[in-house]
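What follows is a single structure, written as C-alpha cells, with notes after it.
The values are calculated or read from the model by the stated rules, or taken from the named source; none is laboratory data. None of these values were measured; they are calculated from a predicted model. Reconstructed Cβ throughout: ideal geometry from the backbone, glycine too, with neighbour counts over all protein chains shown. The accessibility values were calculated without ligands, DNA or RNA, using every heavy atom of the protein model including side chains. Shrake-Rupley method; radii C 1.70, N 1.55, O 1.52, S 1.80 Å.
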Amino acid sequence: MFNKVLIANRGEIAVRIIRACRDLGIGTVAVYSEADREAMHVRLADQAYYLGPAPSRDSYLRADKILAIAKKSEAGAIHPGYGFLAERADFAQACLDENLAFIGPKPSSIAAMGDKGVARAKVAASGVPVVPGTEGEGALSDEELLALAEQFGLPLLIKATAGGGGKGMREVQTMEDMPGLLQAARREAEASFGDGNVYLEKLVEGARHIEIQILADSHGNVIHLGERECSLQRRHQKLLEESPSPFIGDDEDLRQRMGSVAVRAAQAVDYINAGTIEFLVDKDKNFYFLEMNTRLQVEHPITEMVTGIDIVKEQIRIARGRQMRHSQDAISLSGWAIECRINAEDPYNNYLPSTGKITHMILPTGPGVRLDTGVYSGFRISPYYDSLIAKLVVSGESRGEALLRMRRALEEFKIIGIRTNIPFHQLMMDSTRFVAGQYDTRFVEERFSMEAAEEGKEDLSEIAAILATLVAHQQTQRAAHIIQRNERDTSNWKWVGRWERMQR
Amino acid sequence: MKYVATTGDREITVEIVDEHHVIVDGVSYEIDFESVSEQTVYSLLANNQSHEALVYESEDGWQVLLHGSQYVLVVEDERERRLRASLGGGIPQNVDFHLRAPMPGLIVTVPVEDGQEIEKGDVLVVLESMKMQNELKSPRPGKVSRVRVKPGDSVEQRDTLLSVI
C-alpha cells in the first residue's frame, strides 16, 4: 500500500488531487514543465521534479521521465488526472510493470474503452443501444471513411479515436468539406493525444449530453452517483455542467435505468476505480451509449456537491485495494450543483485564447461556493496548455437557488490581466431558455450570441461613459503631472540647497 | 473639463465639474470614484448607486465591463474632438492592415497567397494555441500582401503574419 502519490498532471486538476492526498495524509510529488515552475501544483506539493520543455510532448506526455521520477522520489502510486496520459493503456501498464499503483482502471479496461470502436461493440453486445458509427472498425484511411460517410448519410461527426474534450472533433455537413475536415481532425488529434486516428459517428440532432458517474472497487462493488447534465457546449467543448439534469428532473425511473445501464457497461470491461459513461439522450428520453471516460472528469465536483462523496479520495481508497465506503442504496442526490468552466478566452472576440499575466484576482466566496483553480494573482498563462483556468462550482437547495448563487459568484469573480469567459457565463445565467432548462448540445452555437443576449439588458451606457471618462481623465492628469515633475531635472531639495547657497 | 464618450452611434457628453460632480448629457450626478485594485477595477457611486467595473484601454477604445456587459467607448476631450473633425475624421479604409499574432502559437495553415483578392471575414491564417485552432480573419476586403509565415512556423505574440492592402 502506497503512502506517496505522484501527480502526472498540471493546473487545477493537479491541485485538486494534491488536496485529496493532503486530506488523507498521503505525501505528494508534482512534476512540472519549464512553463510551470511557478504553478500552484508545484507550490502545494511536498516534492516537485522538473520534466522538460514547455510543449506537452516534451513534458507531461513523457511517460518514461515520469516513471523515472516516481522511482527516484519513491512514490508508490501515480494519479494521471485527466488529459495527457490519463487514458493511455500503455502508460497504465508501464506503471504496473514498475510496481506502481495506477490510480485509475486496469490497462485492459482503458484499452477496451479507449478504442471507442471496440467500446461501442462491447457495450452493444451487452444490450446497450449505441449511436450508428464506424464502431469496432479500427484505424481507417481517409478513402474508407469517405466511402462510409456516403453510406451513413450526413450530418456526421469526425471524432478522435484516442480523444475526448472535443479535441480532434469535426462536424461534417457537406461531402465537399469532408477531406479538409478529416485532415484538420487528424492533425489536432495527433497534437493532443499523439494518435491521429479518427472515426465517424452519426450526429443525433437536438440531443442532450448526459453522463453517469460510476465508482467500482476491486471487491466487485460497482455503484453509480447519478447524472451530470453536460449539454451546454460550444464546439463540443463543455462549458457548464449541472447535477441533477433538469431534463431528467424527478424522473427517478429514467435516472435508475440509465444508472444501471452505466453499471452494466462498466462491468462489461471489468472496470475498477472512477469512470463516466456518456449518453446522448433524445427528446423522447431514448438514451444511447456514447463513450466511457476511463478517468476522473473535469466536472466531477458537481457530483461531489450533490452526493457528498469526495470522488478523488474514493479513487485513492480504491487504488489502495480497500472497499468503497458507500453502497448503492446509501447514494441519493440532494440539492443542486452547477459548474462554470472559466477559460482564458475572449467571448467578445470569437473565444480567442488569451494569454498573459494575471495581475490581480478577486475570488468569489461565501455560502455554497467552491472554486477549483491552479492559477493565482501573478501567474502567467502560457499558450502551451488547455485554456481552463478555474472551475466555479456552486450548490443550493434547489436549481433556482443554485442559479442565483452562480450569478452572484460570477459578479464577484474578477480576473485582471487576461480575458476570460466570465461574461459569457453571466449572460447565460440571464438566458431564459437556460434558466428554464431548455437547452441541447447545439444551444450555444445556434441560439445564443453575446450581442443578442446583451440586448434585453438594462442599458448602462451613461454609467460606462462616466467610468471611461474618469479613468481617461485620471490618466491625462497623471501624464501631465509627470511632465511637470521633469521640468526641473534635479530634485527640489537640491535645487533649494543651491539657491540658498547662492543667496549667502 | 468636458469630454465626449462615443459608443456605437451614441455620443455621451460627460462634464467633470469637480471631484464629486459630473454632468452627463445635461443630467447631474453626484459621484464618488475609487480604484479598488491596481487601477483596473473601479468602484463608482453615482447618486449612491454602487457600480463596480473593469476598465481597460484597448485598440478600439476604453473597454468597460459593467454588470456582466461590455461597453466600448472612445473618450475625447473637446480639443481632440475639434482637431479630429478638422482633419475629416473617421478611419480611412485604404490604410494597410497588418495581421499580427494575437498570441504565441503555431501556424497551421495559410489559406491565402500573395496578391489574392479577399473579402471581409475571409480566413487569413489558422493559428494553433492552447491546443485550439483559431481562425484569424480579415477585418476588411483587399489584396493579400507580404505573407511572412508558412505552416509549421512558430510565432510570438504581435509578430506580423501578413498584410492586407
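Per-structure values
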{"quantity": "Tally of residues being part of a strand (DSSP E or B) and either farther than 21 Å from residue A:42 by Cα or at the interface with chain B (Cβ under 9 Å from one of its Cβ atoms) (or both) across the range A:371-394", "calculated": "4"}
{"quantity": "Condition met for residue A:191 (touching a Leu at 6+ places or on another chain (Cβ under 9 Å) and under 15 Å from residue B:126 (Cβ atoms))", "calculated": "yes"}
{"quantity": "Test: residue in the range A:196-217 that is small (Gly, Ala, Ser) and under 19 Å from residue B:135 (Cβ atoms)", "calculated": "no"}
{"quantity": "Count - residues of the range A:1-17 that are farther than 21 Å from residue A:71 by Cβ and among the small types (Gly, Ala, Ser)", "calculated": "1"}
{"quantity": "Condition check for residue A:501: part of a helix (DSSP H, G or I), of a type in the set (Lys, Arg) and at pLDDT below 90", "calculated": "yes"}
{"quantity": "Selected residue (criterion: nearest to residue A:174 (Cα to Cα)) from residues of the range A:196-230 that are of a type in the set (D, E, K, R) and open to solvent by 10 Å² or more (accessible area, probe 1.4 Å)", "calculated": "A:202"}
{"quantity": "Qualifying position, being among the polar types (S, T, N, Q) and not assigned by TED's automatic domain parsing to the domain that holds residue A:302, among A:213, A:173", "calculated": "A:173"}
{"quantity": "Residue, modelled with the lowest pLDDT, within the range A:435-456, restricted to residues that are within 14 Å of another protein chain (Cβ to nearest Cβ) and part of a loop (DSSP other than H, G, I, E, B)", "calculated": "A:456"}
{"quantity": "Sole residue being facing another protein chain (nearest Cβ under 8 Å) and in contact with a strand residue (DSSP E or B) (Cβ under 8 Å, 6 or more places away or on another chain), chosen from B:155, B:149, B:75, B:125", "calculated": "B:75"}
{"quantity": "Residue satisfying condition, being within 25 Å of the chain's Cα centre (by Cα), at pLDDT below 85 and surrounded by fewer than 19 Cβ atoms within 10 Å (Cβ to Cβ), within set A:117, A:136", "calculated": "A:117"}
{"quantity": "Criterion: at the interface with chain A (Cβ under 10 Å from one of its Cβ atoms), polar (S, T, N, Q) and out of contact with any Pro (no Cβ under 9 Å at 6 or more places or on another chain) - qualifying residue of B:109, B:6", "calculated": "B:6"}
{"quantity": "Filter result for the condition that a residue is of a type outside the set (Val, Ile, Thr) and crowded, with 22+ Cβ neighbours inside 10 Å, over A:374, A:400, A:368", "calculated": "A:374"}
{"quantity": "Selected residue [away from chain B (no Cβ under 14 Å) and over 30 Å from residue A:249 (Cβ atoms)] from A:220, A:194", "calculated": "A:220"}
{"quantity": "Residue check for residue A:216: in contact (Cβ under 8 Å) with a residue 24 or more places away in the chain and either out of contact with any Pro (no Cβ under 9 Å at 6 or more places or on another chain) or not charged (D, E, K, R) (or both)", "calculated": "yes"}
{"quantity": "Residues satisfying the stated conditions in the range B:33-72, i.e. within 7 Å of chain A (Cβ to nearest Cβ), in a loop (DSSP other than H, G, I, E, B) and not β-branched (Val, Ile, Thr)", "calculated": "B:38, B:67, B:68"}
{"quantity": "Checklist (1) more than 9 Å from chain A (Cβ to nearest Cβ); (2) buried (at least 16 other Cβ atoms within 10 Å of the Cβ); (3) part of a strand (DSSP E or B) applied to residue B:81, failing item", "calculated": "(3)"}
{"quantity": "Residue list for the range B:1-52, filter: open to solvent by 70 Å² or more (accessible area, probe 1.4 Å) and within 11 Å of residue A:462 (Cα to Cα)", "calculated": "B:10, B:11, B:25, B:27"}
{"quantity": "Pairs, first under 27 Å from residue A:385 (Cβ atoms) and assigned to a helix (DSSP H, G or I) in the range A:162-187, second open to solvent by 20 Å² or more (accessible area, probe 1.4 Å) and of a type in the set (Lys, Arg), C-beta under 8 Å, six or more apart", "calculated": "A:181/A:170; A:182/A:170; A:184/A:170; A:185/A:170"}
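Residue-wise test of (1) modelled with pLDDT under 90; (2) surrounded by 10 or more Cβ atoms within 10 Å (Cβ to Cβ); (3) touching a Cys at 6+ places or on another chain (Cβ under 8 Å); (4) within 14 Å of chain B (Cβ to nearest Cβ).
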{"residue": "A:458", "(1), (2), (3), (4)": "yes, no, no, yes"}
{"residue": "A:465", "(1), (2), (3), (4)": "no, yes, no, yes"}
{"residue": "A:483", "(1), (2), (3), (4)": "yes, no, no, no"}
{"residue": "A:486", "(1), (2), (3), (4)": "yes, no, no, no"}
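Conditions (1) surrounded by 21 or more Cβ atoms within 10 Å (Cβ to Cβ); (2) hydrophobic (A, V, I, L, M, F, W, C); (3) part of a helix (DSSP H, G or I), marked per residue:
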site: A:250; (1), (2), (3): no, no, no
site: A:275; (1), (2), (3): yes, no, no
site: A:285; (1), (2), (3): no, no, no
site: A:296; (1), (2), (3): yes, yes, no
site: A:301; (1), (2), (3): yes, no, yes
site: A:334; (1), (2), (3): no, no, no
site: A:338; (1), (2), (3): yes, yes, no
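Every residue, every condition in (1) charged (D, E, K, R); (2) within 14 Å of chain A (Cβ to nearest Cβ), yes or no:
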| site | (1), (2) |
| --- | --- |
| B:85 | no, no |
| B:113 | yes, no |
| B:137 | yes, yes |
| B:164 | no, no |
